[in-house]
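Worksheet for the structure shown next.
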Amino acid sequence: MTSTPSPTRRQFVGTLAAGAAALALAPSSTRAAAAGAPPLPTKKLGVALVGLGGYAIGQLAPALQRTQHCRLIGAATRDPGNKGRQMAQAFGFPEKNIYAYDKIATMRDNPDIDIIYVVTPNSLHRQDVLAAAQAGKHVITEKPMGVSVADCDAMIKACRDAGVQLGLGYRNNFDPYFQEMMRIARWQEFGALKAMSGEFSGDINAAGSWRTQKALAGGGPVMDLGVYVIHASILAAAGESPVAVTAKATVNRPQIYADVEEIMEFTLEFANGAKCEGFTSYGGPKPGGGGANRFHADYERGFVDFPQAFNYNGTHAMTSRGLLSFPNVADQNDNTYQQARQLDDFARCVRDNVPTSVPGEMGRQDMTVVEAIYASAKDGGKRTLVKA
Ligand code: NDP
């Protein structure tokens with residue numbers, strides 16, 4: 001694999017991903033050396049991206065130019081002849097590794113492909129993961145895991161039956177700032193959890209996008225952005241799920257958001273009485289809410305605060321002990337560094353036959369909360385969650 005992008009690759013990524021890849025395509029070997037990482041293994045696992053959209057081309061494909069344990073080797077797309085071929089040329093994988101969606105199961109016969117990464121609209125994750133399991137390949141699916149708990153159950157069962165690993169694209173779990181919060185929560189360094197708040201919003205005119213169509217998206221910003229706040233609150237609670245949920249949905253622009261919510265406010269209650277006040281919107285940040293992309297957790301004897309929580313890079317976080325800083329993470333300002341860490345971790349788990357730390361069960365746990373939010377938003381009533 002070449003680590004320097006060819007002009008063709010640059011052109012392709014630039015066109016389809018708004019130039020996001022330029023920084024990200026720096027040689028992984030240079031970064032690995034700078035980070036004092038071990039030498040490259042001889043065989044990198046092959047990853048096929050299913051769905052060549054903004055995230056696959058803008059973040060995952062460039063991240064796969066920098067990973068040490070896996071590489072981009074194939075793709076599935078609605079347009080194998082054109083987009084698929086351009087992708088193969090730009091990223092240097094064989095055209096024989098380009099598939100149509102209805103041929104994903106035939107990846108079984110392709111030894112180049114070890115891992116299938118599903119990056120399609122939310123409601124399609126289920127069918128694509130099932131096809132990947134049928135192909136006998138390990139699989140990562142993007143968030144939200146599906147559009148229902150039933151989707152998650154079907155994916156978990158299919159992968160278990162096929163004997164393959166199922167992982168989520170939870171990139172934040174591989175961010176050192178989030179890992180520090182997870183460590184603090186796990187070891188109860190600041191004592192019991194008291195309260196949380198979080199927001200992930202965008203000022204998005206998603207008119208015409210699948211993101212406004214319930215059949216493809218499953219819902220509005222809760223499915224897309226709110227899951228980050230839900231997931232962060234569960235991490236801050238050391239993996240515990242909330243026990244009750246209340247939510248309120250609002251639509252200010254019905255001409256765009258006829259099918260899904262535009263804004264969702266939600267409260268998650270945890271077993272010890274701690275609450276998380278959450279907000280997610282396609283209509284811009286909550287007025288006076290303190291930022292569109294933030295998370296805060298108060299514990300008995302301290303706090304964790306992310307003024308910049310969910311970006312691809314440039315995470316800022318502090319605890320009651322002071323500003324967090326990870327100077328040893330040399331590439332943390334690249335906008336694919338979380339994805340590269342996430343992909344390498346999954347590849348190592350597959351290679352070493354150890355379970356991923358972001359399994360399907362984790363996606364299902366979050367989807368249980370998502371379902372309760374939508375149920376509560378219907379009538380404003382509190383919904384209790386039953387332990388799985
Ligand atoms: P895009 O709309 O940019 O891309 C989705 C791709 O899915 C399309 O380009 C298309 O690829 C494929 N596709 C297959 N069937 C359809 C269909 N019926 N309608 C539209 N597209 C279809 O979306 P994103 O890349 O932004 O999002 C894809 C997934 O990734 C979502 O689940 C999203 O939540 C997740 N995501 C995760 C992020 C993260 O940080 N973890 C960030 C952004 C997104 P093709 O033409 O090749 O078939």
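What to note about this one:
- Put a plus charge on the Cβ of each Lys and Arg, a minus charge on the Cβ of each Asp and Glu, and nothing anywhere else: the dipole of the chain about its Cα centre is then about 640 debye.
- Unit charges on C-beta of K, R, D, E only; dipole of segment 163-263, Debye: 120
- Built amide H within the under 5 Å cut-off of GLY284, gap 5+: GLY202, ASP203, ILE204
- Each helix, a run of at least 4 DSSP H residues, gives -39500 (n - 2.57); summed and divided by the residues of the chain, these come to -8500 deg cm²/dmol at 222 nm.
- Cα gyration tensor, segment 216-333 - rounded (a/c under 1.5), prolate or oblate: oblate
- Under a model in which nothing but the beta-carbon of Lys, Arg (+1) and Asp, Glu (-1) is charged, segment 40-168 shows a dipole of about 280 debye around its Cα centre.
- Aspartates and glutamates with Cα under 16 Å of LYS83, excluding same-chain neighbours fewer than 8 positions away: GLU95
- Nearest 10 degrees, 0 to 90: helix 360-379 Cα axis against the chain principal axis: 50
- Nearest 10 degrees, 0 to 90: helix 149-162 Cα axis against the chain principal axis: 40
- Per-q log10 I(q)/I(0), the chain, q = 0.12, 0.15 Å⁻¹ (Debye; single scatterer per alpha-carbon; no solvent): -0.93, -1.46
- Nearest-0.05 FRET efficiency for THR250 and ALA375, computed from C-beta distance (R0 22 Å): 0.85
- Residue order, fewest to most beta carbons within 10 Å, for MET318, MET182: MET318, MET182
- Selection among VAL260, GLY226, GLY58 by position relative to the dipole of the chain gives GLY58 as farthest towards the positive end (Cβ unit charges, Cα centre).
- Legend: residue pairs LYS248/LYS275; LYS157/LYS275; LYS43/LYS103; LYS143/LYS194; LYS96/LYS143, Cα-Cα distance threshold 23 Å; pairs beyond threshold, LYS157/LYS275; LYS43/LYS103; LYS143/LYS194; LYS96/LYS143.
- The 3J(HN,Hα) values that the Karplus relation (6.51, -1.76, 1.60; θ = phi - 60°) gives for segment 61-77 are, in residue order, 4, x, 4, 6, 7, 10, 6, 9, 10, 8, 8, 6, 10, x, 7, 10, 7 Hz. Gly and Pro appear as x.
- Per-residue Cβ neighbour rank within 10 angstrom, fewest leading, ASP102, ASP79, ASP153, ASP331: ASP102, ASP79, ASP153, ASP331
- Tilt relative to the chain, helix 7-17 - C-alpha long axis, 0 to 90 degrees, to 10: 30
- In this simple spin-label model, placing a label point 7 Å from the Cα along the Cα-to-Cβ direction at both ASP352 and ALA258 gives a separation of 5.3 nm.
- Global geometry of segment 291-388, whether rounded, prolate or oblate, following the gyration tensor of its Cα atoms and the 1.5 cut on a/c: oblate
- Leading residue at positive end of dipole, segment 35-148 (Cβ point charges), from GLY46, ALA75, SER123: GLY46
- Least to most buried among VAL354, VAL251, VAL229 (fewest other Cβ within 10 Å first): VAL354, VAL251, VAL229
- In order through segment 274-290: 3J(HN,Hα) via Karplus (6.51 cos²θ - 1.76 cosθ + 1.60), integer Hz, x for Gly, Pro: 5, 10, 10, 8, x, 8, 8, 7, 9, x, x, x, 5, x, x, x, x
- When the alpha carbon gyration tensor of segment 32-177 is reduced to an equivalent ellipsoid, the three semi-axes, largest first, read 23, 19, 15 Å.
Every number in this text was worked out from the coordinates using simple rules, so none of it is lab data. None of the values given here were measured: they were computed from a predicted structure. Cβ coordinates were reconstructed from backbone atoms using ideal geometry, including for glycine residues, and neighbour counts include every protein chain displayed.
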